[in-house]
1. Collect residues whose amide H, placed 1.01 Å from N in the peptide plane, falls under 5 Å from the amide H of GLY185; neighbours closer than 5 in sequence don't count.
2. Would you mind computing the Rg to Rh ratio of the stretch 182-264 from its alpha-carbon coordinates, Kirkwood style for Rh?
3. ³J(HN,Hα) across the stretch 285-297 via Karplus (A = 6.51, B = -1.76, C = 1.60, θ = phi - 60°), whole Hz, x for Gly/Pro?
4. Mind listing which GluC sites (Glu not before Pro) in the stretch 256-347 are in a DSSP loop and have 16 or fewer other Cβ atoms within 10 Å?
5. Only sites in a loop by DSSP and with at most 12 other Cβ atoms within 10 Å count here; which trypsin sites (Lys or Arg not before Pro) in the stretch 409-515 make the cut?
6. What is the set of long-range amide H partners of ASN470 at a cut-off below 5 Å, with H atoms built 1.01 Å from backbone N?
7. For the stretch 307-429, just the Cα atoms, rotate onto the principal axes and tell me the three extents in Å, largest first.
8. Which whole-Hz ³J(HN,Hα) couplings does the stretch 483-492 yield from phi under the Karplus relation 6.51 cos²θ - 1.76 cosθ + 1.60, θ = phi - 60°, glycine and proline marked x?
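A short reminder: the numbers here are calculations on the coordinates, not readings from a lab. Note that the structure is a prediction, hence the values are computed from the model and not measured. Positions of Cβ are backbone-derived with ideal geometry, glycine not excepted, and every protein chain shown enters the neighbour counts.
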Amino acid sequence: MASHIILPPEDADDNHHREEDGEEEEEREELGARRRGACAAGAGAQGGAAVLGHVRADLARLVPEPPRPAQRLLRQPRGRRLRQDLRGRLWTYPNPLQDHPAYSTVKQYFVNEDDTVPQKVVVQKNSRRGVHFRRAGPRQRIYFGPDEVKACIVTCGGLCPGLNTVIRELVCGLSHMYNVNSIFGIQNGYKGFYSSNYLPLTPKSVNDIHKRGGTILGTSRGGHDTKKIVDNIQDRGINQVYIIGGDGTQKGAYEIFKEIRKRGLKVSVAGIPKTIDNDIAIIDKSFGFDTAVEEAQRAIDSAHVEACSAENGIGLVKLTGRYSGFIAMYATLASRDVDCCLIPESPFYMDREGGLLEYIERRLKENKHMVIVVAEGAGQDLIAKSIAKSDQQDASGNKLLLDIGLWLTHKIKDYFKTKKMEMTIKYIDPTYMIRAIPSNASDNVYCTLLAHSAIHGAMAGYSFTVGMVNGRHTYIPFYRVTSTRNKVKITDRMWARLLSSTNQPSFLSQKDIDEAREADRLANKPPLPTGASHRVASSFEQSASSSSN
Ligand SMILES: Nc1ncnc2c1ncn2[C@@H]1O[C@H](COP(=O)(O)OP(=O)(O)OP(=O)(O)O)[C@@H](O)[C@H]1O
Ligand SMILES: O=P(O)(O)OC[C@H]1O[C@](O)(CO)[C@@H](O)[C@@H]1O
Ligand SMILES: [Mg+2]
């Protein structure tokens, strides 16, 4: 069975158990075949079991139905036929990279089908093997013949440095590595699947787009209509869909994948996570984050200059991060000019003894100036208490936040007015300046590797979100990146480093600390496909850890 692994919510408990049995049977078959000298990579690339010896990696492969031995021809939606062998397995193609002059010198260029990357690298002596992800990279045998690929690329959500680099490298990689010539851009996000013309893309047309910020395809929020999107994919004969976007976009990609699987289409869906906020779960970091931190420092530098040039000057910088304060934390750590960093994960208070206002007053008396960095999602509870709550949302359903920077500015001014103490505050919001720039050198290279990994996985017939886990590129099941969010752990050493570098109070009560520890404990539990029933849940947990020890 091709989908080895994590069942989508609609799968019933019984199915799950049957699938488990099937996998074990197929595992035995597979191992037998290998012992008989069959090509391991070839066997793995035929949509057969994804049981990896003792590790069962969870990732969805294309072929949706269990192969039927008697059936020799499989009809594709557009009438094309895929040949199957007598055991019902799909034929695959040799990877053209083996004849590519640029790659022929690389020793062990192809990734072994059995290679996996552990989610956790620091483990205790007797701990279980834990979750592993399939290692990304070119397979010796691929699922699509280059001339049958019709690929499309879409960008969704907010801007992020590196979008154009990923688009460029997808087009050039598909063309130069796999000789794919049929590549299209979907314009203005998900809704472009059904409301705009598809834009033909060639290596020539994307040649220098990486030097520009934004996305040449356009982007949008909202407009995700799974049925209409998949109808269009089917009608236009698209068989590889590359989806670049943040957490919402990856949820949309998962919906598309599930609909594609329901319809039994031979289409690979590859999600490439983007967000300057670095809030996507599992992966080490998202592309554009490095560039964003670098650019954020320019704003901090300006705030510092302004603060130093005034009597009791305060420079206040608001950085993005609805739920996760990574940019604020890293820009603060990198800068060393910041006296206080406020993030959504760490609650703070204003007025009481030991609160933010008292700390600001103390710092101004000591240093005559001060720099504060605040992430946009910080202190939302405090604003909601003092002004009328707004329940407005953007087109994707994301809550529109109240401006913490502006609110703090007024609060700080009012406080010093009552204290009759002279001060100046300058508030800088560089959000769109940061998002709109092209990616820096390190992000450019990272974007290239992500794009190439995505191509190799799609060519091999997988559907996944691509991402770096513990320094290695991997294919991750969609639901794993969409079911949780990457957040700064205030119980980790990194946040302690920040507190010791700024010398700010933690503002935390014992209750806050206990809650943070409990949140960490829960975050360490493996996530489940959305909607999975409890019984499925526990059997999944068993299968996920069946690779243990
Ligand atoms: N749960 C969901 N199911 C299907 N589609 C979704 C879901 N959430 C969001 N989307 C779609 O994904 C696209 C992008 O979502 P969103 O605006 O939340 O940005 P994002 O991808 O999270 O990026 P960022 O927040 O970093 O800017 C939108 O077109 C939206 O309709
Ligand atoms: O104004 P827009 O495009 O909705 O984007 C704002 C949001 O985009 C993000 O930068 C993520 O892309 C958030 O941090 C921010 O709240
Ligand atoms: Mg988002």
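1. When sequence neighbours closer than 5 places are left aside, the close amide H contacts are ILE153, LEU199, LEU201.
2. 0.96
3. 6, 8, 5, x, 5, 4, 4, 5, 5, 4, 5, 4, 5
4. Those that pass, being in a loop and sparsely packed, are GLU311.
5. LYS419, LYS420
6. HN-HN under 5 Å from ASN470: ASP284.
7. 45, 33, 24
8. 7, 9, 10, 6, 10, 5, 8, 6, 9, 8
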